[in-house]
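The values are calculated or read from the model by the stated rules, or taken from the named source; none is laboratory data. Remember, predicted model here, so these are calculated numbers, not experimental data. Cβ coordinates were reconstructed from backbone atoms using ideal geometry, including for glycine residues, and neighbour counts include every protein chain displayed.
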Amino acid sequence: MDSLPLYLLPLLPLLGFAVLMTLPRLLPGKTGGWLATGLVGAAFALAVLRYLNQGAPAHEVLWTWLPNMALNANLSVGFWLDQLSALMALIITGVGFLIHLYSISYMGHDPKFTRFFAFLNFFVAMMLILVLADSYPLMFVGWEGVGMASYLLIGFWFSGRGSGSSDAQERAASDAEAVSNSNAARKAFIMNRVGDLGFMLGMFLLFKLYGTLSIPELAERVEGAQVAQAGIELACLFLLVGAVGKSGQLPLTTWLPDAMAGPTPVSALIHAATMVTAGVYLVARSHFLYDLAPNASTWVAWVGGLTALYGALSALNQSDIKKILAYSTVSQLGYMFMAVGLHAYSAGVFHLLTHAFFKALLFLAAGAVIHALHDEQDVRRMGGLHQFMPFTHLVSVAGVLAIAGIPVWSGFFSKDAILAAAYEQNLALYLIGLGVALLTAFYMGRWYFLVWRGAYRGHGQPHEADTLTKIPLGILAALATLAGFLNIPTFLGGGHAFDTYLGRAVPLHAHEIAASTEWRLTVLAVLAGVLGLGWAFLAHRRNALASGPLGELSRNSLYLDALYDGVVGHPSRAVAGGLDTLDRATDDALSAVGRNASAPGGLFTLWQSGFVRAYAVSMLLGTAGIIGYWALKTIGSGT
Amino acid sequence: MTFTDWLPTLMIFLPLAGSLLLLVTPKRFRDEVAGFMAALTLGAGLAIWRGGGSELFRWDWIPPLGITYSVQLGGVSLALALVTALMSFIAILYAARRIPNPGPMLSLILAMETGLIGIFAAQDLMLFYVFFEDALIPALLMLAIYGKSGRMAALVKFAAYTLFGSLLMLVSIIGVRYIGGSPTFAMTDLKQNLVQGPAQTWLYLGFLAAMAVKLPLWPLHAWLPDFHEQNHDSGIPDVMGTLYKVGGYGLFTFAIPLFPDASLELRPILMGLAAFTALYAAWIAFGQTDWKRLLAYAGLSHMGFVALGVFSLNETAVIGAMYLLAFQNLYTGALFLSVGMLQERTGSLDTRVGGVMTQAGALGGLTMALWFASIAVPGMAGFIGEFSILLGAYQVFPWLAFIAGITTIAAAAYALSAFQTTFWQARPAGGLRVPDLVHTEWLILGLPLAVAVLFGVYSAPALNLMQPAVRAVLTALGGN
Amino acid sequence: MVPTTSYLALSGVLFALGMVGVLTRRTAIMVFLSVELMLNAANLALVAFARSWGDPTGQTAVFIVMTLAAAEVAIGLAIIVAIFRKRETTNVDDLAALKG
């Protein structure tokens, strides 16, 4: 069965996109959603088959894409399947399938139901191209493709959900929502473009250095090439800019929280589980470069560490149920960056895996809550929901425990691996990581207690989610709980199964920490988690959770957004206006030169009186003059 | 002389014949006749492509003056001619739909098509000049007949810039022949008798003047926004105007082989100017509130990229420049038409209409896809062009590639901002009911988009067509 | 035989009459007639010289001038009629639309 070609993986969802976009009328009701889900499910089955029959890395070339590039670097459209991309493909199709399934219920009443699934399918296809690409330009296709899908889906409710309403107030609210949704979508795309420029420049530099952009070729050439160290470092930094843009790391982070304007399944799939991890994937995929660039790697790690801190601090006092999770995503992505920056690729990717499970779970649970409360998203108007939605409550507990790093849930194992790597290499980063673990547990505890515990503070009758919603929630909860056992470290008696698997694609830097130290680190990490949850519990008992620590500073996410708007947004708009004026002025100046040049011509128009007889007189005088001159000349010469 | 030798000539003059035929065609058949002639032209072009391009066809036109009729369609010129034929066909389709009693418009489109294909086919500098000026007349007439209230000012400006540039070019053309001592104006002869030394630089500058106006390149671009703003609301003349931006092609085919030393000498300045044009135009586009002006500046920004590629003299970049030059016509042209459709429905060209997509989903969707093509999202033809240009330019001057690269961010900003305020956000209460696309409008927007996607995904046929031509031109530089 | 000078004198008189007509008359028709008179004065001079020199070239030229004059009359009168229809006047002083 391993002869099933790789291109089927992205092709299936792409077909779904094409069919759903062009023939929506053939798919009445929810058939479109089921078709899309089925196709992603088929892709998942395919990914599983390829995973089971995996041997040496597979390289399948389809057709020549950019032929005749100088220096004979012919670029093809080809796919590359090794352990890393196989794992990513499994996550994307697996989690993607579950979220498709969830969306059938969640988006069931939306008038653009079929369109939504078309975009979701498009996203899955592009994401698969991204991870399976055998060259950087092809990866860039997926890279911008997922950005496009993200743009379309954040702006899915681009005209507001109540635009048809006759009630003036409702309409005004809907119009405001329309503007903010559209702005969020645009912001995401533009900030991603900033990163994309970095990615492109990285490619250009790599091409200049090595003369190829194909990843397997590059990996070979890097070994023996005599290239200036500064060049590699710079190329890695360029790639880092790209990764930062896509993964919402500092300084390009502000689009990710805004991206929550999209429907909740989108937040779960794109802005938590898959797309935003593309930056981590890029660094892991380019490990052969980062291994040669210690400075750039340190940059990666510090970007990750600072972002983890930034995200955690910003999450402390949010009141939107999804915003808390969004900042948490920013923070967790920071952990992954920290790991890959410290060359602990396997730890980073492992956290990527577990994070995909528990964060998708938390988002989907949040979605179920939002649905149950009729689009209420403010946690201050929730509370006590465990009595109304027991099942969703249960799975949320699993998610919270996983992200807080409580043993045996999956987050415990993955976060522990990252902290161990940090401890070994950089104590400052380790301390940041530990502090962030504490903050994470606190804000997730705050989220949990505000939503599920205490008294119900809203109005309207919440209802439990339906079966179709429960299935993905249940599966994800199970995965979030158990996925950690894939990679039990040695000192706990495990065999590092995950590391061993991934080690065939990316280098493992086995850390050499004594088992006793490792025990101590683990205890510290768990302690941070427990303390954080306990802190949240105490605050909950004092009813002091509604306004979290750091007050306005955290609520406005350290004023980064305002800073960017002031430093970049407004000035660039002003400059655009100024340049326009300047352009017209240049034009006017040139026109003025033209007018002045033609001014002397105006004198001659005085002659043009418009009276025929005046012309006749001037003709007569002219003729007389000529004849007279000629006659005088003749007479003169005659004498 | 076989039939295939006549194909380029056929392709050049078929539209003109159609244009004249329209004058005697009864009113109700004019649409069909014009469409048929345009389709026939496109067919002739495809036939040439199938034959792998044509040989040089040469005939002594005015022997005493050394002017020959030398035409050849192959490589880059064939690709550009094909796109021109396709977009003229699309323009005719839309003109037939949109404009009541479209006879003069159809005639002018066809007449202009002749001039444009002639520009691409000409292999004689004088012939090139003739076609170059020939294409100007229909463009001016379209503006004069169908333009808006400020058309005369725009027309004078357009004509003044173009003619002034052309005059300098004519002087250069004559200079190239007599100083170099070539027997005729044909490229084959001129290449044997290159002008050397400082004279080459001066002649290059003269030639550049005309091409910089036509590219256009900052600071000689001022005619462009007014030209587009004042043209007919339907956007049809704008499609032809976009096709008429042949400066990049002229520089590539004539300037580089004839002025190799001067091109190398002026490379840093010109590349800087080009990169600046790209960024400057994109930034201005960000501040526009009129769709036509916005598209004009967007097109100017693309031309900055094209110029950057051509001036860099790097093979990858030059291929990319020609690729972008050819295929930007598809989506820029189609965007002008989509703006025309928008104007027909809302009665306004303002970018602040709001919420059109809630009612006209297909118009909004196709426009968005065309915008994505325009801002060079991978998978569309524009990306191949821009990526190759930047990749090549980076190998020459990394910093200039970086400056031009910022344009890609600015492009996303202006495109999405204008799109959002027109098509997204809320429909104003009491706003007009906006009908969605009907009949041929689907084809008019869908066909260019489909071609742009096809050549973005599977670019080999077009690249294989262009690459030998580019390599041949660049070898004149001594294998840079 | 009448001497050539007499013809030339007649031609001069006719030419002067025509010129005075052009300069003083305001009606377009009369201006037009005066121009024709001047034209014929020139014709007369040409024919006289042709006879005096015994060279038929002058006579040939006169034929050409006559045919051209006929064509010019047709167009000129048509223009005057068209102007009259549009402006209800043929007063050349009122027709000053070409003032710069």
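Observations on the structure shown:
- Tally of residues being surrounded by fewer than 13 Cβ atoms within 10 Å (Cβ to Cβ), touching a residue at least 60 places away in the same chain (Cβ under 8 Å) and within 22 Å of B:Ala122 (Cα to Cα) across the stretch B:21-63: 0
- Check on B:Ser172, polar (S, T, N, Q) and buried (at least 22 other Cβ atoms within 10 Å of the Cβ): yes
- When each of C:Thr89, C:Thr60 is tested for being more than 12 Å from chain A (Cβ to nearest Cβ) and outside any helix (DSSP H, G or I), the lone residue that passes is C:Thr89.
- Of all residues in the stretch B:452-466, exactly one satisfies the criterion of being more than 16 Å from B:Ile375 (Cα to Cα) and at pLDDT 90 or above, namely B:Leu454.
- Selection of the stretch A:191-209 for residues being of a type in the set (Phe, Trp, Tyr) and touching a residue at least 12 places away in the same chain (Cβ under 8 Å) yields A:Phe199, A:Phe207.
- Qualifying residue in the stretch A:306-317 (condition: of a type outside the set (S, T, N, Q), at pLDDT below 90, under 27 Å from A:Gly383 (Cα atoms) and part of a loop (DSSP other than H, G, I, E, B)): yes
- Restricting attention to the stretch A:595-634 and to residues that are modelled with pLDDT of 85 or more and either β-branched (Val, Ile, Thr) or in contact with a His (Cβ under 8 Å, 6 or more places away or on another chain) (or both), the residue that is farthest from C:Phe32 (Cα to Cα) turns out to be A:Thr634.
- Residue in the stretch A:149-172 that is part of a helix (DSSP H, G or I), of a type in the set (Phe, Trp, Tyr) and in contact (Cβ under 8 Å) with a residue 60 or more places away in the chain present: no
- Residue within the stretch C:36-55 that is aromatic (Phe, Trp, Tyr), away from chain A (no Cβ under 14 Å) and in contact with a helix residue (DSSP H, G or I) (Cβ under 7 Å, 6 or more places away or on another chain) present: yes
- Which listed residue is assigned to a loop (DSSP other than H, G, I, E, B) and not basic (Lys, Arg), from B:Ser348, B:Ser417, B:Ser338: B:Ser348
- Cβ-Cβ under 6 Å pairs, at least 6 apart or on other chains, the stretch A:582-605 side away from chain C (no Cβ under 14 Å) and closer than 13 Å to B:Leu220 by Cα, far side assigned to a helix (DSSP H, G or I) and at pLDDT 75 or above: A:Asp583/B:Ile284
- Members of the stretch A:324-345 that are farther than 13 Å from A:Thr253 by Cα and either in contact with a Pro (Cβ under 9 Å, 6 or more places away or on another chain) or surrounded by fewer than 24 Cβ atoms within 10 Å (Cβ to Cβ) (or both): A:His343, A:Tyr345
- Single condition A:Glu217 does not satisfy, out of (1) part of a helix (DSSP H, G or I); (2) crowded, with 21+ Cβ neighbours inside 10 Å; (3) more than 12 Å from chain B (Cβ to nearest Cβ): (2)
- Restricting A:Ala89, A:Ala58 to those that are surrounded by fewer than 20 Cβ atoms within 10 Å (Cβ to Cβ) and either at positive phi or touching a residue at least 40 places away in the same chain (Cβ under 8 Å) (or both) reduces the list to A:Ala58.
- Residues considered: A:Asp587, A:Asp565. Of these, the only one that is acidic (Asp, Glu), assigned to a helix (DSSP H, G or I) and within 29 Å of the chain's Cα centre (by Cα) is A:Asp565.
- Residue ID - surrounded by the most Cβ atoms within 10 Å (Cβ to Cβ), chosen from residues in the stretch B:365-406 that are facing chain A (nearest Cβ under 9 Å), over 18 Å from A:Val194 (Cα atoms) and touching a residue at least 40 places away in the same chain (Cβ under 8 Å): B:Ala393
- With respect to the conditions (1) within 11 Å of chain A (Cβ to nearest Cβ); (2) out of contact with any Asp or Glu (no Cβ under 7 Å at 6 or more places or on another chain), B:Thr440 lacks only one, and its number is (1).
- Scanning the stretch B:138-154 for residues that are in a helix (DSSP H, G or I) and either basic (Lys, Arg) or in contact with a Phe, Trp or Tyr (Cβ under 8 Å, 6 or more places away or on another chain) (or both), we see that the one that is surrounded by the fewest Cβ atoms within 10 Å (Cβ to Cβ) is B:Leu140.
- Among the residues examined, B:Asp436 does not qualify as surrounded by fewer than 24 Cβ atoms within 10 Å (Cβ to Cβ) and under 21 Å from B:Ala296 (Cβ atoms).
- Of all residues in the stretch A:153-170, those being buried (at least 24 other Cβ atoms within 10 Å of the Cβ) and within 9 Å of chain B (Cβ to nearest Cβ) number 4.
- Taking first residues from the stretch A:485-506 that are under 28 Å from A:Ala219 (Cβ atoms) and partners that are in a loop (DSSP other than H, G, I, E, B) and not hydrophobic (A, V, I, L, M, F, W, C), the Cβ contacts under 8 Å between residues at least 6 apart in sequence or on separate chains come to A:Asn487/A:Gly494; A:Asn487/A:His496; A:His496/A:Pro489; A:Arg504/A:Asp82; A:Ala505/A:Pro57; A:Ala505/A:Asp82.
- A:Leu101 under 15 Å from the mean Cα position of the chain (by Cα), away from chain B (no Cβ under 11 Å), assigned to a helix (DSSP H, G or I) and not small (Gly, Ala, Ser): no
- Segments classed as helices (runs of 4 or more DSSP H), wholly inside the stretch B:235-320, with at least 2 members that are closer than 15 Å to B:Ala410 by Cβ and of a type outside the set (Gly, Ala, Ser): B:260-286, B:291-312
- Selection count where residues are more than 23 Å from the chain's Cα centre (by Cα) and over 12 Å from B:Met368 (Cα atoms), scope the stretch B:410-420: 1
- Residue match in the stretch A:180-203 (condition: β-branched (Val, Ile, Thr) and within 11 Å of chain B (Cβ to nearest Cβ)): yes
- Options A:Ala188, A:Ala125, A:Ala178: the member that is farther than 27 Å from B:Ala401 by Cα, in contact (Cβ under 8 Å) with a residue 60 or more places away in the chain, part of a helix (DSSP H, G or I) and not charged (D, E, K, R): A:Ala125
- Looking only at residues of the stretch C:7-28 that are over 13 Å from the mean Cα position of the chain (by Cα), among the hydroxyl-bearing types (Ser, Thr, Tyr) and in a helix (DSSP H, G or I), we find that the one that is nearest to the other protein chains (Cβ to nearest Cβ) is C:Thr24.
- Of all residues assigned to the stretch A:223-231, at least one qualifies as being within 14 Å of another protein chain (Cβ to nearest Cβ), surrounded by fewer than 23 Cβ atoms within 10 Å (Cβ to Cβ), among the small types (Gly, Ala, Ser) and assigned to a helix (DSSP H, G or I).
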